[in-house]
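One structure is given below, encoded as structure tokens.
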Amino acid sequence: MGQSRQSRLAFVLIIVVLLLLPCAALFQQAPSPLVQGVGPIEITVSDADRALKFYSEVLSFEKVSDQNVHDTNYLSLEGVSASGVRVVRMRLGDEYVELVQFAGTQGRPVPADSRSNDRWFQHIAIVVSDMGRAYERLRDAHVDQISFGPQRLPDWNVNAAGIEAIYFRDPDRHALELIHFPPDKGQSKWHAPANKLFLGIDHSAIAIGDTNTSLRFYRDLLGLPIVGRSDNSGIEQEQLSGVPGAVVHITSLRASSGPGIELLEYRFPQNGRPISPDERATDLIHREITLMTANAKAASEELRTDHARFISPDLITFKEPELGFREGFVVRDPDGHALRIVEP
């Protein structure tokens with residue numbers, strides 16, 4: 001009789017444990033993504049003073065710092081040689097760019113025939129409160145336009161309907177975008193009352209070869225979630241990108257903080273040229289998106305295990321946090337775009 005009672009109790013305990021296991025799983029903490037935020041976007045420039053003047057006077061960026069970096073580890077981080085490095089950090093709203101000039105070396109210019117579907121294409125999307133007034137600012141400054149004027153994306157394109165945008169170039173021919181969101185599009189902060197024309201950076205867009213390959217890297221490995229998708233085509237997209245017949249599949253990713261990353265897969269025409277395998281940080285075509293991580297060493301090890309292409313020889317540690325981070329490295333995505341992954 002006693003053994004029978006014990007057996008029943010044991011059976012009940014087993015049932016209770018089995019019932020509680022799913023509940024316990026709910027309280028298990030999900031693994032943290034490799035990347036928690038997106039930081040400044042680095043842009044290699046030929047003349048920091050000229051670039052500073054353009055970004056401040058035409059686009060209303062504010063200079064935050066201007067320093068000559070003396071730590072030679074910076075050159076190791078970038079995998080280049082130079083006699084000096086000047087870094088000008090500029091802010092627009094909550095977002096930053098860093099204008100980087102390497103001294104004692106002449107980097108290659110952006111190709112004169114560069115197109116929006118070439119794999120090296122990358123732009124930062126600057127949000128404006130009034131596209132008409134912002135376009136007047138560009139025309140007054142005689143900027144080099146990529147687009148045939150501002151384009152309003154059509155109503156049939158539900159995920160992008162009403163967005164206004166224009167592509168143009170800075171003095172070194174880096175692609176830039178002005179973008180205006182209708183009330184039902186974009187982050188809420190772009191619709192907050194403001195007396196400013198230029199509000200901040202919504203995202204950095206990069207041309208890619210294959211969405212699934214890029215998602216495996218950015219979403220599955222780095223942990224950036226998808227926040228939007230769109231298929232853009234028609235005369236508006238052609239005139240925006242300057243690419244005849246353009247059909248673009250767009251995937252938007254966004255970390256918990258900072259600008260988003262937008263993947264641009266040109267499904268037509270599929271003749272975009274790849275990034276040169278010998279592209280360097282000193283070349284004017286070079287840009288880097290900064291990704292923030294809580295553990296740079298673990299991120300480095302995971303990316304090496306995944307056979308990512310490293311620009312930095314190893315994890316680089318800085319004695320002085322003059323650049324805003326303690327250690328980090330530069331790596332390439334599947335298409336060759338440079339990413340600076342740092343731990344504050």
Note on segment 27-78: residues farther than 16 Å from residue 175 by Cα, of a type in the set (Gly, Ala, Ser) and touching a Leu at 6+ places or on another chain (Cβ under 8 Å) are 37, 39, 48, 60
Just checking, which of 259, 334 is at pLDDT 95 or above and farther than 26 Å from residue 200 by Cα?
334
Please verify whether residue 34 is surrounded by 17 or more Cβ atoms within 10 Å (Cβ to Cβ) and farther than 30 Å from residue 243 by Cα, treating the condition exactly as stated.
yes
How about segment 192-209: which of its residues are of a type outside the set (S, T, N, Q), more than 18 Å from residue 95 (Cβ to Cβ) and more than 17 Å from the chain's Cα centre (by Cα)?
193
For segment 93-121, pairs from a residue that is closer than 19 Å to residue 81 by Cβ to a residue that is hydroxyl-bearing (Ser, Thr, Tyr) and surrounded by 20 or more Cβ atoms within 10 Å (Cβ to Cβ), with Cβ under 7 Å and 6 or more apart or across chains, are 100/44; 102/282; 105/282; 107/44; 107/282
Taking the stated definitions as given, is residue 299 modelled with pLDDT of 95 or more, closer than 18 Å to residue 338 by Cβ and in contact with a Ser or Thr (Cβ under 9 Å, 6 or more places away or on another chain)?
yes
Residues in segment 101-112: is at least one in contact with a helix residue (DSSP H, G or I) (Cβ under 9 Å, 6 or more places away or on another chain), over 24 Å from residue 211 (Cα atoms), of a type in the set (Phe, Trp, Tyr) and surrounded by fewer than 19 Cβ atoms within 10 Å (Cβ to Cβ)?
no
Considering segment 210-246 alone, what residues qualify as being aromatic (Phe, Trp, Tyr) and over 19 Å from the mean Cα position of the chain (by Cα)?
none
Name the pairs whose Cβ atoms lie under 6 Å apart, with the first residue in segment 292-319 and touching a residue at least 60 places away in the same chain (Cβ under 8 Å) and polar (S, T, N, Q), the second assigned to a helix (DSSP H, G or I) and surrounded by 14 or more Cβ atoms within 10 Å (Cβ to Cβ), and 6 or more positions between them or separate chains?
293/299; 312/77
Identify, from the list 119, 86, 115, the residue that is modelled with pLDDT of 95 or more and either more than 23 Å from residue 329 (Cβ to Cβ) or of a type in the set (Ser, Thr, Tyr) (or both).
115
Would you call residue 278 of a type in the set (D, E, K, R) and assigned to a loop (DSSP other than H, G, I, E, B)?
yes
Please list, ordered by residue number, the strands (runs of 3 or more DSSP E) wholly in segment 162-272 having 3 or more residues that are free of Cβ contacts under 8 Å to residues at least 60 places away in the same chain.
164-169, 175-180, 247-253, 260-268
Tell me, please, whether a residue that is over 26 Å from residue 242 (Cβ atoms), part of a loop (DSSP other than H, G, I, E, B) and under 18 Å from the mean Cα position of the chain (by Cα) can be found in segment 308-320.
yes
Subset of segment 237-290 [acidic (Asp, Glu) and either within 24 Å of residue 342 (Cβ to Cβ) or buried (at least 20 other Cβ atoms within 10 Å of the Cβ) (or both)]
262, 265, 279, 283, 288
Any pair with Cβ under 7 angstrom, 6 or more apart, that starts in segment 23-45 at a residue that is modelled with pLDDT under 55 and ends at one that is of a type in the set (Lys, Arg) and surrounded by 16 or more Cβ atoms within 10 Å (Cβ to Cβ)
none
Quick check, is residue 283 in a loop (DSSP other than H, G, I, E, B), acidic (Asp, Glu) and either under 15 Å from the mean Cα position of the chain (by Cα) or at pLDDT below 95 (or both)?
no
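The values are calculated or read from the model by the stated rules, or taken from the named source; none is laboratory data. Every value quoted in this text rests on a predicted model; they were computed, and no experiment measured them. Using ideal geometry, Cβ is built from the backbone for each residue, glycine included, and neighbour counts are taken over all protein chains shown.
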